[in-house]
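To start, the structure under review is shown below, and the notes come after it.
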Amino acid sequence: MACHKYVAYYYNNLDKIFPWRCDMPAKMHPKYKFRVRTAADLKELDAHGTPLFPCACYDGAVKDYFTGQIPWHWHEELELFLVTEGKARVQLDTGSVVLNSGECILLNTNAMHSIRQAPRTLCRFRSMVFHPALIGGRPEGVIHQRYVLPVLNCAALRFIVFSPMVPWQAVCLEHFQEAFHACEAGGFGFEFRVRDALSRLWRRLVENLQDDLIFYRGGDSGQAARLKAMLDYIHAHYSEHITLPDIAAAANISERECCRCFEKTIGMAPVAYVVNYRICAAAVMLEETDLPITTVAERAGFNSPSYFSKVFRRQLNCSPKEYRDRSQTIC
């Protein structure tokens, strides 16, 4: 089944797949708002593609999503997000980036992100979400080990922006469009065309990032495992009181090594990452619940509502109340 048909089937049968979601529309149409379902740790629950072909393509507008933006979430798949009209602000747990029309971002696996359109603009996009195995093959194979895993394990590469003004990136954009059109068109053998185009994009990517990936290709899987253990701990316990010793203990390393690991890979201190993640979680609660702001602050791990509001404004350029009001107005 072609990806666009799969997505249409998904939205046209929401009442069968999720009977409890009676508020969702019966037909897929641009005027409807779509929701990204997430678990407590903000991991996306919905599958992309099928188990036999884990890849899906999407063509739409950011405003079509519930609350008028693509909310905070993360997933194990890779995602390519191309802006075809307007501007988009991609917010990550480590910062933000603005994409102009024609620019594309590759979101690495497990990268927390949300996407909204720039003020007074309509942002349309094309995106592809696919499992790394689609291009890497078997985990023990040379393609995955030598060319895919180094990127997945490189926490410093949580995202990569492709600009049509950079020659090698422009070629990557051509490969993306080729993969997208093949996925959208479907037909016999479309899976080959999609995988081939994405593989050529990936080869061009690693060819131009060799210097950044040498350290990781050297096989420092220990550092990647330590970082994953610490991030998993934060994602599971962000609502609790977390200290630097707690984070370091999750990977059985010293506090100094913990800080060094975060600074070298993510580019920020461990405690700063915790605060950023808590703001992500709070934003989701403000969008999807009617909980008092003080309760949202507490459940996100902030003991002081005033400090929560201060950090929230610094991170998202508005107060928690303004953020909630804006979301409700859009809906």
| message | If each residue of separation counts as 0.36 nm, what is the full-extension length gain between residue 203 and residue 97 once their alpha-carbon separation is subtracted? | response | 35.7 nm
| task | May I ask which residue of 110, 91, 134 lies farthest towards the positive end of the charge dipole of region 47-191, with charges of +1 (Lys, Arg) and -1 (Asp, Glu) on Cβ and the Cα centre as origin? | result | 91
| remark: Per the rule of 0.36 nm per residue minus the C-alpha distance, extending residue 321 to residue 118 adds in nm 71.1 nm
| field | Estimated distance in nm for a label pair at residue 249 and residue 133, the labels positioned 7 Å out from Cα along Cα-to-Cβ | value | 3.6 nm
| said: For 165, 285, which order do you get if you count the other beta carbons within 10 Å of each Cβ and list the fewest first? | reply: 165, 285
| message | Suppose each label sits 7 Å from its Cα in the direction of the beta carbon; what would the residue 174-residue 240 distance come out to in nanometres? | response | 5.3 nm
| query | Roughly what would the spin-label model give for residue 192 and residue 313, points 7 Å off Cα along C-beta, in nm? | reply | 6.0 nm
| task | First measure r as the distance between the Cβ atoms of residue 288 and residue 181, then evaluate 1/(1 + (r/R0)^6) with R0 = 51 Å and state the FRET efficiency to the nearest 0.05. | result | 0.90
| task | Subtracting the Cα-Cα distance from 0.36 nm times the residue separation, let me have the gained length for residue 264 to residue 142 in nm, one decimal. | result | 41.3 nm
| query | Mind checking Rg over Rh on region 221-330, alpha carbons, Kirkwood formula for Rh? | reply | 1.04
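Every number in this text was worked out from the coordinates using simple rules, so none of it is lab data. Fair warning: this is a prediction, and the values are worked out from it, not measured in the lab. Don't worry about glycine lacking a Cβ; one is built from the backbone with ideal geometry, like all the others, and counts go over all protein chains shown.
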